[in-house]
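One structure below.
The values are calculated or read from the model by the stated rules, or taken from the named source; none is laboratory data. Computed from a prediction, not measured in an experiment: that's the story for all the values here. Cβ: placed from backbone, ideal geometry, glycine included. Neighbour counts: every protein chain shown. With ligands, DNA and RNA removed, areas are computed over all heavy atoms of the protein, side chains included. Shrake-Rupley method; radii C 1.70, N 1.55, O 1.52, S 1.80 Å.
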Amino acid sequence: MSRSLSVPGIAYGGDYNPEQWPEEVWAEDVRLMREAGVTMVSVGIFSWALLEPSEGVYDFSRMDRVLDLLHANGIAADLATPTAAPPAWFFRAHPEALPVDHDGRTLSYGSRQTFCPSSPAYRAAALRIAGELARRYADHPAVVMWHVHNEYGCHNAECHCDTSAAAFRVWLRARYENLDALNDAWGTAFWSQWYYDWDEIIPPRSTGAVPNPTHRLDWRRFCSDALLSLYEAERGVLRKAAPAQPATTNFMVGHSFDALDYWRWAPELDIVSNDHYLRSTDPESQIDIALSGDLVRSLAGGRPWFLMEHSTGAVNWQPVNRAKNPRELRRNALAHVARGADGIAYFQWRAAKAGAEQWHSAMLPHAGTDSRIWQDVVALGADLKALAEVRGSTAAAEVAVVWDWDAKWALELPSQPSDQVRHLDLVRSWYEPLWRSGIAVDFVRPDADLSSYRLVLAPSLYLVDDESAANLTDFAARGGTLAVGFHSGAVDENCHVRLGGYPGAFREALGVRTDELFPLLPGEKADLTGGGTASLWTERVRLAGARAVTSYTSGPLPGVPAVTRHAYGTGTAWYVATLPDAGTLAALLDRVCAEAGVASVRVTPEGVEAVLRRGEAADYLFLVDHRGAGAEVPVAADAVELLTGEPLKGGTVTVPPGGVVVVREPR
Ligand code: GAL
């Protein structure tokens, strides 16, 4: 059965928590939702305590009225299972279900996600309430999607209790079958960590010295899988009782969360959805929006996805929570649409007056409708309505960027050559110049089919198994262009160093061999031939077939190659053995793209983002001016600007300062 969203056009809405308000307010809610063009809201996300006031006793009367009211007003519901916030009565009955942190402290209830992911009591209670909801509302005409749980793992990705320890051992037995294989994979001959009995194995709780890296890595894999199995169990219950509606759960692809291997999760979702929030300290958060959007679209297999949450203004969970600048709300939302979102939603509909998130922005702010946010929210509703035909269109990229949670987790284990090397920072530093040049990018798993790409970039792939390494190097051997960042290919899937020189798995394809690593201190720089500088990392690269493109003229390794190029098979393999400054890296990637024959979707003035969504009969060109100066951009003949409905006769479109245009160009 194809489970797609039955809401027309680009869905628009937010989390709706009417239980926080007296019922008199609800009529105003739906009236204002209609005014803003809201088409779908997520309901019930944190309603467990009200839906099930005591174990096995249900009160659906409020939810009945909410769903009926929404339906009567033509607003669809994305109905949540409330399992992210078990009620207090549950923990009084099952104190063993509370999570334990890695110092052995049992955490308390009184917030949300205060449960152990491996707790049988939690699982049973969660499946029970999910089943009750599914049976009651399977045929409710308002319900168009299931919102399973909320942001799995946001606050309880790891629980170190004894129940989790037992579940970890079950997971390890399935992976290794016998203890010899585990001891070998974990390298337990080191520091006398050898295990003779499965029951000796515990979670990587706090220890005085560095933990075993493979133990820690397997633990992270297990924690992601433990939550995935909860998601699958809930989805199974929903599918049985309510098979018509698609199921989603909101991911947190972005800068602050990396606990789940979403490559493993995404195929289990009917519709992939994501939550994205800006970081107040990021001066160019538009690049973060683009990066996360490309990654989410890639997780969705290239199909459109749903932006389940972002904010209209400030959040409440950063040290200082910045409001958005004028026109930023619109730019942010439409930039997500540009990257493939077919639904735009906010946390939350009405700003709370009480509770932990009372200082979080919303679609309807504390100030009410006489506010800039409300005006922007209403205007955005009209914009999204005008973009209805964009729904379902996809993206086409010639460049793939390799992204892998295993590699990220392994790189960020303690006791690395440098703790300054962060996976996302590296990916972002390579992604930025592509973003500035308007080059379309997909993210791929290291073992993905690469045949549709001209260029594959692996900015940070510390851990890679043999098969994936061969997948990447074969791509180059068969005529593709591959560029690999430093400290990649260093270890196998068990975190064992690949011997014989670095960068292990990629040495032969890159035509280099490094015998020693020389990471740089914070703030330290090495000069490069050609004028740029390098930071973070250097290594003593020796050429073994490759040519040096740039070398160091200062720092620990003068005269040593920093960037190399190797003709490999019928293709080319580049090694970027350092972090060049932004200008140097941009020039380098420009050259790599040009040699690989990769072109921008449109050449635009600096600061004007260009993204293309491809429909069946037309392309949709999104142009977003982040610089604030406006621009004239050439477009196809017979194009139409969708937000204004204006035909563009002159072969150009005007992007207003700080504005967005969406141009339909016939194929
Ligand atoms: C998300 C969460 C929402 C809300 C929001 C605030 O992580 O799913 O319920 O807490 O953050 O930014």
Check: Out of the range 150-193, which residues are on the phi > 0 side of the Ramachandran plot and in contact (Cβ under 8 Å) with a residue 60 or more places away in the chain?
Finding: Glu151, Gly153, Gly187
Check: Of (1) within 26 Å of Val402 (Cβ to Cβ); (2) open to solvent by less than 40 Å² (accessible area, probe 1.4 Å); (3) more than 20 Å from the chain's Cα centre (by Cα), Arg221 satisfies all except one. Which?
Finding: (3)
Notebook entry, point to check: Considering the range 304-319 alone, what residues qualify as being polar (S, T, N, Q) and near the ligand (Cβ under 9 Å from one of its atoms)?
Noted result: Ser311, Asn316
Notebook entry, point to check: Would it be correct to say that Gly545 is modelled with pLDDT under 95, out of contact with any Phe, Trp or Tyr (no Cβ under 7 Å at 6 or more places or on another chain) and open to solvent by 20 Å² or more (accessible area, probe 1.4 Å)?
Noted result: no
Margin query: Show the residue pairs meeting these rules: Cβ distance below 6 Å; 6+ apart or different chains; first residue within the range 5-18 and in contact (Cβ under 8 Å) with a residue 24 or more places away in the chain; second residue surrounded by 21 or more Cβ atoms within 10 Å (Cβ to Cβ) and among the acidic types (Asp, Glu).
Written below: Ile10/Asp342
Checklist line | Subset tally (residues that are aromatic (Phe, Trp, Tyr) and more than 16 Å from the ligand (Cβ to nearest atom)) for the range 3-59 | finding: 4
Note to self: Tell me yes or no: at least one residue of the range 331-348 is within 14 Å of the ligand (Cβ to nearest atom), assigned to a strand (DSSP E or B), modelled with pLDDT of 95 or more and more than 30 Å from Val464 (Cα to Cα).
What the structure shows: yes
Item checked: Number of positions in the range 272-297 that are open to solvent by 20 Å² or more (accessible area, probe 1.4 Å) and not basic (Lys, Arg) -> 7
Note to self: Condition (residue is of a type in the set (Gly, Ala, Ser) and in contact with a strand residue (DSSP E or B) (Cβ under 8 Å, 6 or more places away or on another chain)) applied to the range 322-331: is it met by at least one residue?
What the structure shows: no
Next item on the list: Mind counting the residues in the range 15-45 that are surrounded by 23 or more Cβ atoms within 10 Å (Cβ to Cβ) and at positive phi?
Entry: 1
Check: In the range 432-467, what residues are open to solvent by less than 10 Å² (accessible area, probe 1.4 Å) and of a type in the set (Ser, Thr, Tyr)?
Finding: Ser460
Item checked: Those residues of the range 191-207 which are under 14 Å from Asp162 (Cα atoms) and open to solvent by less than 100 Å² (accessible area, probe 1.4 Å), in sequence order -> Trp198, Glu200, Ile201, Ile202, Pro203, Pro204, Arg205
Next item on the list: Just name the residue that is nearest to the chain's Cα centre (by Cα) out of those in the range 640-658 that are within 14 Å of Ala610 (Cβ to Cβ) and open to solvent by less than 10 Å² (accessible area, probe 1.4 Å).
Entry: Val655
Notebook entry, point to check: Is the range 353-368 home to any residue that is among the basic types (Lys, Arg) and under 30 Å from Glu616 (Cα atoms)?
Noted result: no
Margin query: Tally up the residues in the range 141-162 that are more than 16 Å from the ligand (Cβ to nearest atom) and surrounded by fewer than 19 Cβ atoms within 10 Å (Cβ to Cβ), please.
Written below: 2
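Residue by residue, here is whether (1) farther than 30 Å from Val491 by Cα; (2) open to solvent by less than 20 Å² (accessible area, probe 1.4 Å); (3) modelled with pLDDT of 95 or more; (4) within 15 Å of the ligand (Cβ to nearest atom) holds:
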site: Lys353; (1), (2), (3), (4): yes, no, yes, no
site: Met363; (1), (2), (3), (4): yes, yes, yes, yes
site: Thr369; (1), (2), (3), (4): yes, no, yes, no
site: Gln375; (1), (2), (3), (4): yes, no, yes, no
site: Leu384; (1), (2), (3), (4): yes, yes, yes, no
site: Arg391; (1), (2), (3), (4): yes, no, yes, no
site: Val399; (1), (2), (3), (4): no, yes, yes, no
site: Trp403; (1), (2), (3), (4): no, yes, yes, no
site: Trp409; (1), (2), (3), (4): no, yes, yes, no
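Conditions (1) in contact with a strand residue (DSSP E or B) (Cβ under 7 Å, 6 or more places away or on another chain); (2) closer than 18 Å to Asp342 by Cβ, marked per residue:
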site: Leu585; (1), (2): no, no
site: Leu588; (1), (2): yes, no
site: Gly597; (1), (2): no, no
site: Val608; (1), (2): yes, no
site: Val611; (1), (2): yes, yes
site: Gly615; (1), (2): no, yes
site: Asp619; (1), (2): yes, yes
Note to self: Just the residues that are away from the ligand (no atom under 16 Å from the Cβ) and outside any helix (DSSP H, G or I), please, taken from the range 282-303.
What the structure shows: Pro283, Glu284, Ala300, Gly301, Gly302, Arg303
Margin query: Residues that are outside any helix (DSSP H, G or I), farther than 30 Å from Phe190 by Cβ, assigned by TED's automatic domain parsing to the domain that holds Gln420 and open to solvent by 10 Å² or more (accessible area, probe 1.4 Å): does the range 505-523 have at least one?
Written below: yes
Notebook entry, point to check: With the range 580-639 as the region, which strands (runs of 3 or more DSSP E) entirely inside it contain at least 1 residues that are hydroxyl-bearing (Ser, Thr, Tyr)?
Noted result: 618-625
Check: Which one of these is modelled with pLDDT of 95 or more, more than 21 Å from Glu595 (Cβ to Cβ) and in the same structural domain as Leu588 (by TED's automatic domain parsing): Arg478, Arg428, Arg454?
Finding: Arg428
Check: Going through the range 20-50 one residue at a time, which ones are of a type in the set (A, V, I, L, M), without any contact (Cβ under 8 Å) to a residue 40 or more places away in the chain and in contact with a Phe, Trp or Tyr (Cβ under 7 Å, 6 or more places away or on another chain)?
Finding: Val43
Check: Hey, which of the helices (runs of 4 or more DSSP H) in the range 46-132, taking only ones fully inside, have at least 2 residues that are closer than 24 Å to Leu238 by Cα and open to solvent by 50 Å² or more (accessible area, probe 1.4 Å)?
Finding: 48-51, 61-72
Next item on the list: Being open to solvent by 10 Å² or more (accessible area, probe 1.4 Å) and under 24 Å from Glu412 (Cβ atoms) is the filter here, so list the residues in the range 224-239 that pass it.
Entry: Asp225, Ala226, Leu228
Notebook entry, point to check: How many residues does the range 211-251 hold that are assigned to a helix (DSSP H, G or I) and closer than 24 Å to Ser42 by Cβ?
Noted result: 16
